[in-house]
Each structure stands twice: as structure tokens, then as C-alpha cells.
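The values are calculated or read from the model by the stated rules, or taken from the named source; none is laboratory data. Given the structure is predicted, the values throughout are model-derived calculations rather than measurements. FYI the Cβ positions are ideal-geometry reconstructions off the backbone, even for glycines, and counts take in every protein chain you see.
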């Protein structure tokens, strides 16, 4: 009895294996929910810090919660290894985020999205972040629709995707 092998699946597996085994710097996106308990934020900050110390570049957005923790960790390790892409202009960011964002060296604003809802602007921002990364680490709830759509899009682009669920 012969077995057939789906070559695109084999190619996907080999590409994923090569990315996992890659040594040296990777571009890793850290994205997640705004509604994160402080203990989880501490763990996310520690993960971001450790990833940067290992030579990885972190890409995230500027919202509170997960992204705020990822920014804190990367800034503590090496500010030059952090890129923050905002869904809208700096003026549209929450007041509590702006002070931290002012210390980010590689900050990309998107004022052209100011007329969009935050959900629409965030979806576009997430697409941009995924296009720049090799790997996506996401912290979500099962009903985080925009974030989970971003994860599916990243998988469709053959990125390595890891999702941690809060619920």
C-alpha cells in the first residue's frame, strides 16, 4: 500500500523547522490583548526582555496591556532592538501609553488611519507588523477576534505563530 505525501505540507514543515532552528537575530512580533492581569504583564515583559537579550528584534504595537509590557521589556534590554507600529497617530494613543512611546527609537505612526475605528486601524496595523516579522507570539482570549484573525493571517503567510490564551 502506498502513501501519498502532500508536498506543500512538507515544504511548510521544513520551512517552520528551519525558522525554529535558526540561530541569530529574528524579528519577533509580540501582540496581545489590552486586558491583561498585572502578573501576566510581568511575564510578557520578562519574555520580551529575554528575547532581546538573545539578539532578537521585537515588533509590537503601542496599546496598553500586552504590547505595553512587551515595550517595557525590550526597552530595558536594548531600545535599539524595538520597533513599535501604531495603528493611528501618537495623539490618538491612550495618555498612559504616550509617555512610554516617547522613549521608543523606532516608532511608526499611522495618521492616515485616524479617521478609522480603532478596530479597523488595529487590523491594518497588525497586518503591517506581521509583514515585518518572522515569528508571531500572541496573548489572547478566545473571543479576541481581531487578534485571532491576525494569527490566522500570519499562519497563511507561513510565519511561526504561538498563541497563549488567557482563558
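Return a yes/no flag: does region 91-103 have any residue that is in contact with a helix residue (DSSP H, G or I) (Cβ under 8 Å, 6 or more places away or on another chain), modelled with pLDDT of 95 or more and closer than 23 Å to residue 51 by Cα. Looking through region 91-103, none of the residues is in contact with a helix residue (DSSP H, G or I) (Cβ under 8 Å, 6 or more places away or on another chain), modelled with pLDDT of 95 or more and closer than 23 Å to residue 51 by Cα.
Just to be sure before I move on: is residue 62 surrounded by 22 or more Cβ atoms within 10 Å (Cβ to Cβ), within 18 Å of residue 105 (Cβ to Cβ), modelled with pLDDT under 95 and under 14 Å from the mean Cα position of the chain (by Cα) in the structure I sent? Answer is yes for this residue. Only one of the numbered conditions (1) part of a loop (DSSP other than H, G, I, E, B); (2) within 17 Å of residue 30 (Cβ to Cβ); (3) touching a residue at least 40 places away in the same chain (Cβ under 8 Å) is not met by residue 158, and that is (2). The set of residues in region 68-112 that are over 18 Å from residue 26 (Cα atoms), in contact with a strand residue (DSSP E or B) (Cβ under 7 Å, 6 or more places away or on another chain) and buried (at least 19 other Cβ atoms within 10 Å of the Cβ) contains only 86. Within region 5-38, the residues that satisfy the criterion of being more than 22 Å from residue 62 (Cβ to Cβ) and either at pLDDT 65 or above or touching a helix residue (DSSP H, G or I) at 6+ places or on another chain (Cβ under 8 Å) (or both) are 24, 25.
If the condition is being closer than 16 Å to residue 136 by Cα and free of Cβ contacts under 8 Å to residues at least 40 places away in the same chain, then region 69-78 contributes 69, 71, 74. Taking first residues from region 43-63 that are at positive phi and partners that are assigned to a loop (DSSP other than H, G, I, E, B) and surrounded by fewer than 21 Cβ atoms within 10 Å (Cβ to Cβ), the Cβ contacts under 8 Å between residues at least 6 apart in sequence or on separate chains come to 55/24; 55/25.
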